[in-house]
1. Round to the nearest 10 and report in Å² the accessible area of ASP31, as given by a 1.4 Å probe over the protein chains' heavy atoms.
2. Kindly report the accessible area of the range 71-115 per residue (heavy atoms of protein chains, probe 1.4 Å, no ligands, DNA or RNA), in Å².
3. In nm, to one decimal, how far is the SER41 label point from the ASP6 one, both placed 7 Å along Cα→Cβ?
4. Could you tell me what percent of the DSSP beta bridges with both partners in the chain are antiparallel, to the nearest 5?
5. Using a Förster radius of 22 Å, what is the FRET efficiency between ASP31 and ASN76 based on their Cβ-Cβ separation? Nearest 0.05, please.
6. Among (i) 12.9; (ii) 10.3; (iii) 11.1, which is the computed mean projected area of the Cα convex hull in nm²?
7. Grab the other residues whose beta carbon is less than 9 angstrom from that of SER96, score K and R as +1, D and E as -1, and report the net.
8. Summarise the accessible area of the chain (1.4 Å probe, protein heavy atoms) by the percent that is carbon and sulfur.
Amino acid sequence: MLFAADPVFLLNVGGPSVVSVGGQVWDEDTDANPSPLQMISGTTTASTASPINLSDPSVSADTPEAIFQNQRAGVNDPAGSLNYDFAVNPGTYEVSLYLAEIDTPTPAVGDRTFDVAAEGQLQLTDYDIVEQVGGEAGVVETFEVAVSDGTLDLDFAVGNSNAVLNGIEVTQVSTLGVSSTLADLGEKEVGTIN
């Protein structure tokens with residue numbers, strides 16, 4: 001039996017607070033009320049009222065469409081485009097990035113590429129949303145990262161254009177080497193103390 005961990009952070013990047021069908025609250029990150037987790041000034045937000053194609057299998061059925069209808073665009077600076085820092089306990093975390101290209105007209109494949117690093121380790125290289133799913137369509141890219149210093153750093157670097165991001169979900173997988181699911185215990189024998 002698996003017990004799904006609750007997200008530690010849910011951030012509607014570039015948009016207002018949103019509540020999912022399951023009751024999860026996605027925190028606001030707007031120009032008027034930017035998230036304190038966002039570390040680079042000069043970024044901009046955008047939104048669309050157009051429907052977003054959520055058919056990619058990476059997008060769960062309970063994901064609010066509104067997450068993909070808002071975005072924050074990083075600055076076009078080779079030193080760093082967009083950065084978020086999350087205060088967390090040491091451990092392993094699953095990071096899910098919610099991505100959609102909502103610019104109109106939709107850029108061509110190759111017009112916007114960017115890199116994503118977590119804790120200094122490259123996770124996505126020359127990532128192109130349009131190449132993955134097209135315009136006005138959502139995709140979720142998920143990876144695990146170990147954090148030892150108490151801060152989960154997400155860095156977005158310019159490829160041939162500034163990075164864009166629609167949402168971030170951070171879920172703790174383990175802490176201090178102990179898994180958050182009972183399934184990982186398996187059939188292991190446990191000793192006793194006399």
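1. 90
2. About 37 Å² of surface per residue is accessible.
3. If labels sit at SER41 and ASP6, their model points lie 3.6 nm apart.
4. If I count the DSSP bridges inside the chain, around 90 percent turn out antiparallel.
5. 0.80
6. Given (i) 12.9; (ii) 10.3; (iii) 11.1, the structure-derived one carries the label (i).
7. So the environment of SER96 carries a net charge of -3.
8. Using a 1.4 Å probe with all protein chains present, the chain comes out at 51 percent carbon and sulfur.
The values are calculated or read from the model by the stated rules, or taken from the named source; none is laboratory data. Keep in mind that this is a model prediction, so the values were computed, not measured. Neighbour counts are summed over all protein chains in view; Cβ atoms, including those assigned to glycine, are modelled from backbone coordinates with ideal geometry. Note: areas computed on protein heavy atoms with side chains; ligands, DNA, RNA excluded. Shrake-Rupley method; radii C 1.70, N 1.55, O 1.52, S 1.80 Å.
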